[in-house]
Amino acid sequence: MYLIKDIEEIAPKIKKMVLKAPLLAKKHRAGQFVMVINTEKGERIPLTIADKNPEKGEITLIFQEIGKSTMEMGLRTKGEHVYDVVGPLGKPTHIEKYGTVVCIGGGVGTAPLYPIAKKMKEVGNHIITILGARNKDLFILEKEMKALSDEFYQTTDDGTKGRHGLVTDELKRLIEEGREIDLVLAIGPAIMMKFVSLLTKEHNIPTMVSLNSIMVDGTGMCGACRVSVGGITKFVCVDGPEFDGHKVNFDELLKRQAMYKDMEEMALKKFLEELREKEPCGGHHA
Amino acid sequence: MPDRKWIPQPKKPRTPIPEQKPEERRKNFKEVALGYTEELAIEEAYRCLQCKNPLCIEGCPVGIDIPGFIRHIGEGRFEEAYYTLKKYNSLPAICGRVCPQEDQCEEKCIMGKRFKPVAIGRLERFAADWFIQSGKKERYEIEPPTGKKVAIIGSGPAGLTCAGELAKKGHKIVIFEALHKPGGVLVYGIPEFRLPKKIVEVEVEKLKEMGVEIKTSAIIGKLYTIDELLKEESFDAVFIGTGAGLPYFMGIKGENLNGVYSANEFLTRVNLMKAYMFPEADTPVKIGERVAVIGGGNTAMDAIRTAIRLGAKEAYIIYRRSEKELPAREEEIHHAKEEGVILKLLTNPVEIIGDKNGWVKALKCIKMKLGEPDDSGRRRPIPIEGSEFEFPVDTVIMAIGQGPNPLIQETQPDIEVKKWGIIKIDEEGRTSKKGVFAGGDIVTGGATVILAMGQGKRAAASIDRYLKTGEWK
């Protein structure tokens, strides 16, 4: 059982949860993730550690309320406990001085990007950040990312903040301006990572992506998270989560991510109905 | 004084075990074999010849005094039967259910030469279940504390056995389990209908009563390395029993289509994560109307029978050799057939065919014939040229074996490994690293529960010796 020290909504449907987990706070390295089990019958949800405080023994998780499990977890309150947290899992990011690193965060993907960008800055890289979101309200960790970046850009789908367009438009501009880019680090929806990788491949810019495939155990035992990288099947949980974006088969990943869509929708619908029954006055969650 | 007189009845036929009827059990996850009643157990016990030089014991990897415990059952002294078993085997309720007795004790039973062997496994299960159901508190004989600490990595059959044996010797034991529930393959792999999870829980509780500490969700190689356990966490010895958790795939086209599972994933979703209760439990599992399981071992049978219980209408086992070579236990094959499983033998998949949305729609196979025996002594399957055929399926489950999980070996390069990451040990269960022992599937690459237990037990004896003498040579 892990004590929830704090939980708050940092953007619509995006929650930040601080857990008391001293050992994980001490052992975690940038790029690694944990599996969170909210309740005894809950599923194992892979989440990246967005931040940590080893002195206080705390880890920060950021998650989007998409399905039943994440929505249910979002309803937890300070002082309650989540059933279990397992980790740290996956390989840590290889941190070194590349030169100029473009850090691209799409939506809630900024959460896993942040600790990596922070480390990349610490070792002396020039950090250019591009954050993308559907609209101005959906950015997270804006202040934190801005603070560590040498250059900072934003894009929105609806033009309510920054450039009206996609992160790839901003990246394209940098490339066309002839900027030297030594590494692109892109974390966000698979479709975003796909198009970033296609663009950088054209220009031969090394690109790292962090994949968010479906997982069960997260320890290499089941293979649910398998993905084709350069034609070879890899397990995201133990071989990743980071891979060379130019080699990832994103179309396969996108299909695999949708495997349980109908069942997820069904579970969510049932959950929302039950929630409405519990709160006949039409509580704030519905 | 015995409660009953021993009445030898060697000529009586083997006592059948009551079972759920196939048409009923196809729809539920309850145990298939219901177990002997006291009367049936006594009746079966009387068939034992009580040999002076019992061969059955030779066939048992942990050397149980088989005629001894059977005698106690025949005499109605069930509690004594239980303690006789416990002297040799710390998990009799589990072994009575999942041991391949037909290849071990029962194979050697003299009765089997002319009639059917004594149903040793069923009697073992009876004695263990009887004790659990009696609600009696178990007596433990635990030696005074030694002040030594041992870390056991993995809470499967090898780890649980090793922990139990060492706790008896007075050592402080901490088990580290990667998953959120203890039991390893007994919990994530073997289905409820073959091994009720309640039984595993009872056994784990007993270890806790003996003072064993269990840390779940603790992944060695990530949370701690073995070096950290030995140096920073002050453990005096470490036992690695991390099992064969890495699923193998065939490397054929279409394996990453939606609807293709490893048996590990499929069974973990259902057994550990309770996907059969979805949406009451949060983890989903997809099962189509036509399911094909690739492989012929016990895991394959577990997977296909689970698929039937989840509603599969057509259930196939695809196996490249003939029925005679099927590695699964006879009983499992028999149960699978009763439940409607169709064996597609001498058949090997060559490709999984998908639809435009990336879902499985068919399996392409090739017919095989048997050639000369290979290294394993089984006749080698050879593809028959031009015999490819396709048939429609919605779900494909790969049950072609699994290998050792590489997490520990990656972080501890001073532990010597053999081919496929199998940890190398000597005859005493010692690895190449001082103070570190190993046993179970991590050293065999994938075998049975009882063999893993046997290795856990043997390693416990050498760990105890090492802790007392400090000798490592």
Which residues, taken from the range A:200-238, are more than 10 Å from every other protein chain (Cβ to nearest Cβ), of a type in the set (D, E, K, R) and within 19 Å of B:L223 (Cβ to Cβ)?
-> none
The strands (runs of 3 or more DSSP E) lying entirely within the range A:189-286 that contain at least 1 residues which are open to solvent by 60 Å² or more (accessible area, probe 1.4 Å) and either out of contact with any Ser or Thr (no Cβ under 7 Å at 6 or more places or on another chain) or not assigned by TED's automatic domain parsing to the domain that holds A:G165 (or both) are A:232-235
Those residues of the range B:123-146 which are in contact (Cβ under 8 Å) with a residue 12 or more places away in the chain and among the small types (G, A, S), in sequence order | B:A127, B:A128, B:S134
Within the range B:364-390, the count of residues that are over 32 Å from the mean Cα position of the chain (by Cα) and either assigned to a strand (DSSP E or B) or β-branched (V, I, T) (or both) comes to 3
Confirm whether A:D137 is of a type in the set (D, E), open to solvent by 10 Å² or more (accessible area, probe 1.4 Å), outside the structural domain of A:H28 (by TED's automatic domain parsing) and touching a Ser or Thr at 6+ places or on another chain (Cβ under 9 Å).
-> yes
Could you grab me the full set of residues in the range A:122-165 that are in a loop (DSSP other than H, G, I, E, B) and touching a strand residue (DSSP E or B) at 6+ places or on another chain (Cβ under 6 Å)?
-> A:N125, A:N135, A:F139, A:I140, A:S149, A:D150, A:K161, A:G162, A:G165
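Matching residues to (1) modelled with pLDDT under 95; (2) assigned to a loop (DSSP other than H, G, I, E, B):
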residue: B:P61; (1), (2): yes, yes
residue: B:P67; (1), (2): no, no
residue: B:I70; (1), (2): no, no
residue: B:C95; (1), (2): yes, no
Complete set of residues in the range B:284-324 that are more than 14 Å from chain A (Cβ to nearest Cβ), open to solvent by 10 Å² or more (accessible area, probe 1.4 Å) and charged (D, E, K, R) | B:E289, B:R290, B:R309, B:K313, B:E314, B:R320, B:E323, B:K324
Name the pairs whose Cβ atoms lie under 8 Å apart, with the first residue in the range B:348-359 and within 11 Å of chain A (Cβ to nearest Cβ) and open to solvent by less than 40 Å² (accessible area, probe 1.4 Å), the second outside any strand (DSSP E or B) and small (G, A, S), and 6 or more positions between them or separate chains?
-> B:G354/B:G254
Among (1) without any contact (Cβ under 8 Å) to a residue 40 or more places away in the chain; (2) away from chain A (no Cβ under 12 Å); (3) open to solvent by less than 50 Å² (accessible area, probe 1.4 Å) - the single one B:A281 does not satisfy | (2)
Lone qualifier among B:D464, B:D394, B:D441 - being touching a residue at least 40 places away in the same chain (Cβ under 8 Å), open to solvent by less than 20 Å² (accessible area, probe 1.4 Å) and among the acidic types (D, E) | B:D464
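Per-residue answers, yes or no, for (1) over 25 Å from the mean Cα position of the chain (by Cα); (2) open to solvent by less than 30 Å² (accessible area, probe 1.4 Å):
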position	(1), (2)
B:C48	yes, yes
B:E58	no, no
B:D65	no, no
B:L85	no, yes
B:G96	no, yes
B:E106	no, yes
B:I110	yes, no
Where residues in the range B:67-81 are of a type in the set (G, A, S) and open to solvent by less than 10 Å² (accessible area, probe 1.4 Å), which of them is nearest to B:Q133 (Cα to Cα)?
-> B:A81
One residue from B:P54, B:P61 being touching a residue at least 60 places away in the same chain (Cβ under 8 Å) and in contact with a helix residue (DSSP H, G or I) (Cβ under 9 Å, 6 or more places away or on another chain) | B:P61
Among the residues of the range A:84-110, the number that are among the hydrophobic types (A, V, I, L, M, F, W, C), open to solvent by less than 20 Å² (accessible area, probe 1.4 Å) and within 19 Å of A:K26 (Cα to Cα) is 3
Within the range B:15-41, which residues are part of a helix (DSSP H, G or I) and crowded, with 19+ Cβ neighbours inside 10 Å?
-> B:R25, B:A41
When you go through B:E23, B:E79, B:E107 one by one, which is the residue that is under 28 Å from B:L207 (Cβ atoms), without any contact (Cβ under 8 Å) to a residue 60 or more places away in the chain and acidic (D, E)?
-> B:E79
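The values are calculated or read from the model by the stated rules, or taken from the named source; none is laboratory data. As the structure is a prediction and not an experimental result, all values here were calculated from the model. Counting neighbours? That spans all protein chains shown, and the Cβs are built from the backbone with ideal geometry, glycine included. Side chains are part of the model used for accessible areas, which takes the heavy atoms of the whole protein and leaves out ligands, DNA and RNA. Shrake-Rupley method; radii C 1.70, N 1.55, O 1.52, S 1.80 Å.
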